């Protein structure tokens, strides 16, 4: 009792014959420590601060508190009780079996602003979760302060399950923007955290492909199903939440287009309200199909995996499960469904270039023409090409000249296929 009340013999930090349990030892140390605003005025024998206790415990190491190796959490508790939160999380992460616990303790501590986070300008190794940075405490005192690489810890945890569970992954992605990670005047850190959050959302969209869950959907009857990103828009930052979601969706669409995932790109462009781009992507792909005889044969066989628009709830006639396996017939049917849907909605219809809409309709008809021609259904082929009015079928020189001028302005998807279409037309007429 006298040792506690009078802080006697601070050089002797414990009384082993009385204090035997780790919990009792920590209680005694926390009772004995004193913080002073003027540490230089204290004698060495009277000085015992939290920092001194922290150094002492780190010096002991985990083996001192767990000699038998059967209670790894005890050293973690000791570090927590001594306010060494970063060291405690780092220790748990090293243990391997406690990775989940480490992540969630880090989240709780970060929420309350109790963690030192690695500075933005600090270069760390790919596997480094914990580092120490020399920090000036007083004019003549420098201390090595532990910092956690919070973003890497959270990011690695998200990657464990993100591809298979978009809903849970998003809950963790939003934690990159925890207010406790930044101070009100640290705009650079705040912006960095929100940028990281947005980049992670973009990766989540691309990796999971669960667009209906994340972005919502609009059914054929006009009913809107709200997606998770819309529900939690206020937690993912941005001055204009609607514009932020559209921007992220458009970025995902562009990434899919670059990677050749055209079905995903079309769906995402539609959700980003980039309707003219949807038609442009379809036109390019229809041109590729028209130029490829084997693709045309697939269209002739009509081996589409997509359900008919009349039986599909989606406004685009798209099945999310089929996006990764789109064939030539799928793209043709998709183009017909989308064009019909867009033309039925004035707000969308007027926002698409007339040239693109016309090209889309012409390409689907040209595919029908080539399929009919190659199947030997010449009467059907002739009827289609006459209706298209791309090639003059009489000897009117003025009309031929006019059509030649029109050819110069045609979309590249049509013009590069025109020689083959012209030869097929001539052969149809000769027969």
> Quick check, is residue 101 outside any loop (DSSP other than H, G, I, E, B), in contact (Cβ under 8 Å) with a residue 40 or more places away in the chain and either farther than 18 Å from residue 180 by Cβ or within 28 Å of the chain's Cα centre (by Cα) (or both)?
Replying inline: no
>> Restricting to the stretch 108-122, and then to whatever is touching a helix residue (DSSP H, G or I) at 6+ places or on another chain (Cβ under 6 Å) and assigned to a helix (DSSP H, G or I), can you tell me which residue is surrounded by the most Cβ atoms within 10 Å (Cβ to Cβ)?
In response: 110
>> Can you confirm whether residue 94 is assigned to a helix (DSSP H, G or I), over 26 Å from the mean Cα position of the chain (by Cα), without any contact (Cβ under 8 Å) to a residue 60 or more places away in the chain and surrounded by fewer than 18 Cβ atoms within 10 Å (Cβ to Cβ)?
In response: yes
> In the stretch 140-171, which residue that is within 13 Å of the chain's Cα centre (by Cα) and either part of a strand (DSSP E or B) or buried (at least 19 other Cβ atoms within 10 Å of the Cβ) (or both) is modelled with the lowest pLDDT?
Replying inline: 162
> Conditions: (1) at pLDDT 90 or above; (2) in contact with a helix residue (DSSP H, G or I) (Cβ under 8 Å, 6 or more places away or on another chain). Residue 216 meets all but one. Number of the miss?
Replying inline: (1)
> Being assigned to a loop (DSSP other than H, G, I, E, B), on the phi > 0 side of the Ramachandran plot and assigned by TED's automatic domain parsing to the domain that holds residue 343, is that true of even one residue in the stretch 293-302?
Replying inline: yes
>> When you check residue 125 against the structure, is it assigned to a helix (DSSP H, G or I) and at pLDDT below 95, yes or no?
In response: no
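So which residues in the stretch 2-27 are modelled with pLDDT of 75 or more and either in contact with a helix residue (DSSP H, G or I) (Cβ under 7 Å, 6 or more places away or on another chain) or not assigned by TED's automatic domain parsing to the domain that holds residue 50 (or both), if there are any at all?
Within the stretch 2-27, 19, 22, 26 qualify.
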> Pick from the stretch 40-91 the residues that are at pLDDT 90 or above and assigned to a loop (DSSP other than H, G, I, E, B): which of them is farthest from residue 143 (Cα to Cα)?
Replying inline: 61
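The values are calculated or read from the model by the stated rules, or taken from the named source; none is laboratory data. Computed from a predicted model, the values in this text were never measured in an experiment. Using ideal geometry, Cβ is built from the backbone for each residue, glycine included, and neighbour counts are taken over all protein chains shown.
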